[in-house]
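Participant: Before I ask anything, here is the structure I am working with.
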Protein chains: 2
Amino acid sequence: MRLATLRDGTRDGRLAVVRRDGQAVAEAGAAAPTLQAALDRWDEVAPRLALLAADLDAGRLPAHEVSPFDPRAVHAPLPRAYEWIDGSAYLTHVRLVRRARGAEPPPTLTTDPLLYQGGSGVLLGPTDPIPLGDPAWGLDFEGEVAVITGDVPLGTRAESALPRVRLLCLANDVSLRNLIPAELAKGFGFFQSKPATAFSPFAVTPDELGPAWRDGRVHLRLTVRLNGAVVGDLEAGPEMHFSFADLLAHAARTRALTAGTLLGSGTVSNEDPARGVSCLAERRARELIELGAPRTPFLKAGDRVEIAMAGPDGRDLFGAIDQVVTA
Amino acid sequence: MRLATLRDGTRDGRLAVVRRDGQAVAEAGAAAPTLQAALDRWDEVAPRLALLAADLDAGRLPAHEVSPFDPRAVHAPLPRAYEWIDGSAYLTHVRLVRRARGAEPPPTLTTDPLLYQGGSGVLLGPTDPIPLGDPAWGLDFEGEVAVITGDVPLGTRAESALPRVRLLCLANDVSLRNLIPAELAKGFGFFQSKPATAFSPFAVTPDELGPAWRDGRVHLRLTVRLNGAVVGDLEAGPEMHFSFADLLAHAARTRALTAGTLLGSGTVSNEDPARGVSCLAERRARELIELGAPRTPFLKAGDRVEIAMAGPDGRDLFGAIDQVVTA
């Protein structure tokens with residue numbers, strides 16, 4: 001089952017199910033007005049949404065209940081969320097970007113997950129423009145996989161964390177690279193350096209991934225384009241050092257998480273440079289290491305970033321994040 | 001006007017207005033079912049809530065619409081919120097706790113506000129127990145003042161930030177001191193070291209503070225008790241180096257904030273040791289500096305923490321945070 005949130009002028013939009021071909025949607029209506037409402041009582045609502053999706057796929061819904069899917073007409077699945085927690089589970093990314101800014105990876109890099117708490121009150125839809133702000137801030141994208149959880153009790157362990165995953169989606173964790181060193185030096189983590197994050201059109205149940213969802217990882221390829229050219233075609237599975245189970249257990253060690261919590265993998269990153277990148281910082285880091293200086297500029301007004309992932313059957317699984325930078 | 005959120009078995013509770021004497025409440029009902037709903041369309045809802053409060057104060061409501069106020073029957077004003085952003089605007093606190101853990105305050109201490117993004121999906125009510133977890137984690141409280149905002153547009157400047165403040169309340173920013181050094185050393189800020197935060201029973205409109213709300217600061221005394229003994233009686237106004245206007249502008253510099261964002265002052269702290277403390281870490285820091293070692297232990301099971309503030313007329317303005325530590 002794949003879900004989307006239609007824009008309707010309200011803060012939370014209207015929940016819809018997505019047809020198997022991704023070309024049409026049907027509003028969830030009485031089952032749950034919004035995705036948060038569905039997550040709040042998932043066990044009751046999910047079967048009703050599944051029936052609606054089956055009717056939509058089989059062409060059993062009346063024509064007036066079916067609308068063509070328009071990526072510009074959807075919000076992020078959760079336009080505002082109670083938490084956005086972002087990991088950094090691909091260690092190649094951590095090593096490269098820290099090396100580029102002259103910072104050491106923490107000594108616990110391989111044993112203790114890195115997570116930060118991000119802002120979640122204003123999230124961007126898949127085609128929302130990325131505000132440039134001051135070009136000196138060093139605007140960058142980060143292609144990620146994310147999960148949306150149900151309630152996660154305090155102290156949940158990795159072994160029992162994965163049944164808490166309700167949905168998966170993609171994220172563009174927009175970053176202001178040149179604000180990061182000074183901000184992290186203050187000791188309190190990211191704040192201004194992490195503006196609003198964007199999410200894919202569809203949030204999908206784990207069964208849509210088939211065997212590609214295993215070991216708490218998404219074993220599929222993330223494709224990232226910049227101005228139409230592929231800059232990254234990355235394996236999201238094997239090099240995710242900490243699984244979503246590990247990240248959830250880390251996040252819930254000292255507090256409970258509420259239904260609708262968004263948890264990101266961190267920038268998908270592969271050790272093999274031939275796979276490319278899902279953020280410019282890594283390409284710049286490789287240039288710095290190999291050539292002595294970065295050559296790739298950060299994003300400028302007019303640049304277009306696309307992030308998508310094909311499912312096991314070749315379908316565009318999550319729809320595309322497709323954003324243009326605006327001054 | 002003072003507002004509270006009554007427990008009713010739902011995730012968001014039911015919004016109520018509080019009588020002037022703090023002894024009774026009336027449900028907001030049709031005006032707005034929850035505080036978040038009220039904040040979402042504040043300009044329309046606030047006048048209706050004010051009329052209801054006036055009727056309650058004047059004894060004009062039918063008896064069945066008025067209930068006695070019971071601090072155990074309320075949630076935090078927002079039981080779950082879209083953002084909890086916490087500052088550290090009292091520099092005495094920053095200097096003392098950093099000195100105690102052998103860390104330097106950042107060189108920009110007086111010019112660049114410290115803020116961190118906290119978890120906001122599960123917030124504690126004013127009388128909810130504080131889970132002890134592992135006693136070795138070093139459980140501590142932090143008494144704070146907080147504001148609840150309306151929508152704050154991207155790039156809002158300090159000069160225009162204060163009209164975005166809708167309500168004020170108190171917070172207990174529960175902290176796990178012994179997890180902080182290792183967590184901050186990883187570079188991503190607080191996560192496990194900041195479990196769920198608790199909030200006062202009432203969230204109040206700024207006019208309830210009269211002239212004590214000025215310059216974006218609360219010029220009143222925060223009283224903190226540990227096991228019944230006053231450990232802090234602190235001036236919250238003059239030593240708040242960055243005002244709420246400064247903190248809001250800092251938070252909104254690269255992203256918008258949604259209605260219902262909670263923003264905390266950081267631990268209220270005075271340079272004069274005779275004023276006491278609103279967290280144990282400061283007392284331990286002073287002991288370390290003066291005696292060579294901390295003597296005050298962190299919280300243990302059974303300890304009771306009370307945080308309250310008298311208004312300009314001597315009334316208990318926000319109701320009391322009154323929590324017991326449970327194993």
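The values are calculated or read from the model by the stated rules, or taken from the named source; none is laboratory data. Source: prediction; values computed, not measured. So basically every Cβ, Gly included, is an ideal-geometry build from the backbone, and we count neighbours across all protein chains shown. These accessible areas exclude ligands, DNA and RNA; they are computed on the full protein's heavy atoms, side chains included. Shrake-Rupley method; radii C 1.70, N 1.55, O 1.52, S 1.80 Å.
Participant: Nothing charged except the Cβ atoms of Lys and Arg (+1) and of Asp and Glu (-1): what's the magnitude of the dipole of the range A:157-295 about its Cα centre? Round to the nearest 20 debye.
Facilitator: Result for the range A:157-295 is approximately 440 debye, rounded to the nearest 20.
Participant: If you don't mind, another one. In whole percent, what relative contact order does chain A give with Cα contacts below 8 Å and a gap of six or more residues?
Facilitator: 23
Participant: Relative contact order of the range B:129-235: what whole-number percent is it, with Cα pairs under 8 angstrom and at least 6 residues apart?
Facilitator: Relative contact order comes out at 22 percent.
Participant: So, one more: Please report the accessible area of B:Phe242 (heavy atoms, 1.4 Å probe, ligands and nucleic acids excluded) in Å², nearest 10.
Facilitator: Counting only protein heavy atoms, the figure is 20 Å².
Participant: Explain nothing, just the number: relative contact order of the range A:205-327, from Cα pairs under 8 Å at least 6 residues apart, as a whole percent.
Facilitator: After rounding, I find 27 percent.
Participant: Here is a further query. If I compute solvent accessible area with a 1.4 Å probe over the protein chains, what percent of it on the range A:92-144 is carbon and sulfur? Don't skip to the answer; put the middle values down first.
Facilitator: Numbers: 1050 of 1910 Å².
Reported share for carbon and sulfur atoms: 55 percent.
Participant: Here's another thing I want to ask about it. Rounded to the nearest 20 debye, what is the charge dipole size of the protein assembly as shown about its Cα centre when +1 sits on each Lys and Arg Cβ and -1 on each Asp and Glu Cβ?
Facilitator: Dipole magnitude for the protein assembly as shown comes out near 640 debye.
Participant: Just to confirm a number: summing +1 for Lys and Arg and -1 for Asp and Glu over residues other than A:Leu115 whose beta-carbon lies under 15 angstrom from that of A:Leu115, what do you get?
Facilitator: Combined, the nearby Lys, Arg, Asp and Glu give -3.
Participant: Follow-up. Rounded to the nearest 0.05, what FRET efficiency is calculated for A:Arg315 and A:Ala37 with R0 set to 30 Å and r the Cβ-Cβ distance?
Facilitator: Efficiency at R0 = 30 Å is approximately 0.65.
Participant: Using 7 Å Cα-to-Cβ label points, what is the A:Val324/A:Thr111 separation (nm, one decimal)?
Facilitator: In this crude spin-label approximation the distance works out to 5.1 nm.
Participant: Mind grabbing the accessible area of B:Phe298 for me, 1.4 Å probe, Å², rounded to tens?
Facilitator: Looks like 40 Å² after rounding.
Participant: Please list 3J(HN,Hα) in residue order for the range B:150-161, calculated via the Karplus relation 6.51 cos²θ - 1.76 cosθ + 1.60 where θ = phi - 60°; whole Hz, with x for glycine and proline.
Facilitator: Result, rounded to whole Hz: x, 5, 10, x, 3, x, 4, 9, 4, 4, 10, 7.
Participant: A follow-up question, please. Quick one: which bits of the range A:111-137 get at least 30 Å² less accessible when the partner protein chains are in, versus the chain alone, with a 1.4 Å probe?
Facilitator: Buried on complex formation: A:Leu114, A:Leu115, A:Gln117, A:Gly119, A:Gly121, A:Val122, A:Trp137.
Participant: What Kirkwood Rh does chain B have if only Cα atoms enter the pairwise 1/r average? Answer in Å.
Facilitator: Final number for the Kirkwood radius of chain B is 19.9 Å.
Participant: Grab the beta carbon distance between B:Ile289 and B:Glu65, set R0 = 60 Å, and tell me the FRET efficiency rounded to 0.05.
Facilitator: E(calc), rounded to 0.05, equals 0.60.
Participant: I'd like the Kirkwood hydrodynamic radius of the protein assembly as shown, using the inverse of the mean 1/r over distinct C-alpha pairs, in Å.
Facilitator: 25.4 Å is the Kirkwood radius here.
Participant: I'd like the accessible area for A:Arg253, computed on protein heavy atoms only with a 1.4 Å probe and all protein chains in place. Round to 10 Å², please.
Facilitator: 100
Participant: A further question follows. Whole Å is fine, so just give me how far the alpha carbon centre of the range A:6-24 lies from that of the range A:73-126.
Facilitator: 26
Participant: For the range A:229-290, what is the accessible area per residue in Å² when the probe is 1.4 Å? Let's see the in-between values first.
Facilitator: Details: 1780 Å² over 62 residues.
That works out to 29 Å² per residue.
Participant: Next question, about the same structure. In the neighborhood of B:Leu132, defined by Cβ-to-Cβ distances under 15 Å, what is the net charge if each Lys or Arg adds +1 and each Asp or Glu adds -1?
Facilitator: Net charge in that neighbourhood comes out at +1.
Participant: Report the A-B buried area as the accessible area lost on both sides summed, probe 1.4 Å, in Å² to the nearest 100.
Facilitator: 4500
Participant: Multiply the residue gap between B:Leu51 and B:Ala30 by 0.36 nm, knock off their C-alpha separation, and tell me the result in nm, one decimal place.
Facilitator: 6.3 nm
Participant: I've got another one for you. For the range B:14-28, what does the Karplus curve 6.51 cos²θ - 1.76 cosθ + 1.60, with θ = phi - 60°, yield as ³J(HN,Hα) per residue in whole Hz, taken in order and with x for Gly and Pro?
Facilitator: Result, rounded to whole Hz: 10, 6, 9, 9, 10, 5, 3, 7, x, 9, 8, 9, 9, 5, 6.
Participant: How about the range A:159-186: which of its residues lose at least 20 Å² of accessible area in the presence of all protein chains relative to their chain isolated, using a 1.4 Å probe?
Facilitator: Checking the loss per residue gives A:Leu184, A:Lys186.
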